[in-house]
Amino acid sequence: TTYQVVVIPEVIVNITGNPTVCDGDSTTLYANSNIPGTTYAWDYQWAPISSAADSLVVTSGGTGWYYLTGSYLGCVSKKDSIQVLANANPTIVVPGDFIVCPGQSVTATVSSNIQGSNFVWMPGNLSGATHTLTSAGSMTYYVYAESAGCVSPVASFMVNPSAACFLEI
């Protein structure tokens with residue numbers, strides 16, 4: 001009598017995906033294994049989640065530790081874990097509208113509630129917190145802040161030329 005012996009390699013599982021989520025958003029975690037057909041079980045903070053899928057959507061309200069158990073044909077189960085953290089969305093403050101004489105320059109500074117935020121200005125794809133702007137006509141500037149992958153809502157202000165600059169009495 002002959003028997004065929006199939007040696008199954010050790011099951012290796014790991015969790016991939018972005019472990020950081022912005023307030024109000026979600027991120028997806030993915031289960032991976034070295035053996036196709038591995039079955040998965042997810043736990044959150046050591047409490048089972050009713051999901052055996054190979055991916056899991058996590059919202060900003062579900063931050064904490066996630067655990068993945070992978071098994072194949074009754075072999076010893078293996079685990080991996082990942083901590084999901086939430087980052088706050090920055091809030092941006094822009095100056096009020098400017099009224100200037102044509103050709104006059106103004107210095108505009110924006111700020112964020114999160115120190116170290118990056119700012120993007122449009123038009124012009126400018127960056128940084130402060131810019132000198134020259135009035136050539138009415139122009140609306142749009143600015144948003146980015147911090148740790150989280151983005152503020154877009155805020156705006158205008159630079160308007162004043163017709164009173166050339167008023168003669």
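The values are calculated or read from the model by the stated rules, or taken from the named source; none is laboratory data. Note that the structure is predicted; figures quoted are calculated from it, not measured. Note: ideal-geometry Cβ built from the backbone for every residue, glycine included; neighbour counts use all protein chains shown. Protein only, heavy atoms only, side chains kept; ligands, DNA and RNA dropped before computing areas. Shrake-Rupley method; radii C 1.70, N 1.55, O 1.52, S 1.80 Å.
Okay, here's what the table says:
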read-out	value
Inter-label distance for residue 97 and residue 162, nm, one decimal - labels placed 7 Å from Cα along Cα-to-Cβ	1.4
Accessible surface of segment 99-169 [probe 1.4 Å, protein heavy atoms]: carbon and sulfur percent	56
Relative contact order %, segment 99-169, counting alpha carbon pairs below 8 Å whose residues are six or more apart	36
Inter-site label distance for residue 4 and residue 139 at 7 Å from Cα along Cβ, in nm	7.4
Gyration tensor verdict on the chain (Cα atoms; rounded if a/c is under 1.5, prolate if a/b is larger than b/c, oblate otherwise)	prolate
Percent RCO, i.e. relative contact order, over segment 1-125, from Cα pairs under 8 Å lying at least 6 residues apart	24
Karplus-derived 3J(HN,Hα), 6.51/-1.76/1.60, for each residue of segment 153-165, Hz, glycine and proline x	x, 6, 10, 9, 8, 10, 10, 10, x, 9, 6, 6, 5
Filtered chymotrypsin sites (Phe, Trp or Tyr not before Pro), segment 9-46: DSSP coil and at most 10 other beta carbons within 10 Å	46
Efficiency of FRET from Cβ geometry, residue 113 and residue 55, R₀ 35 Å, rounded to 0.05	0.60
Gaussian network model of the chain, Cα within-10 Å springs - most flexible of 34, 14, 118	34
Per-residue ³J(HN,Hα) for segment 120-131, Karplus 6.51 cos²θ - 1.76 cosθ + 1.60, θ = phi - 60°, Hz, x for Gly and Pro	10, 10, 9, x, x, 6, 7, 10, x, 8, 10, 9
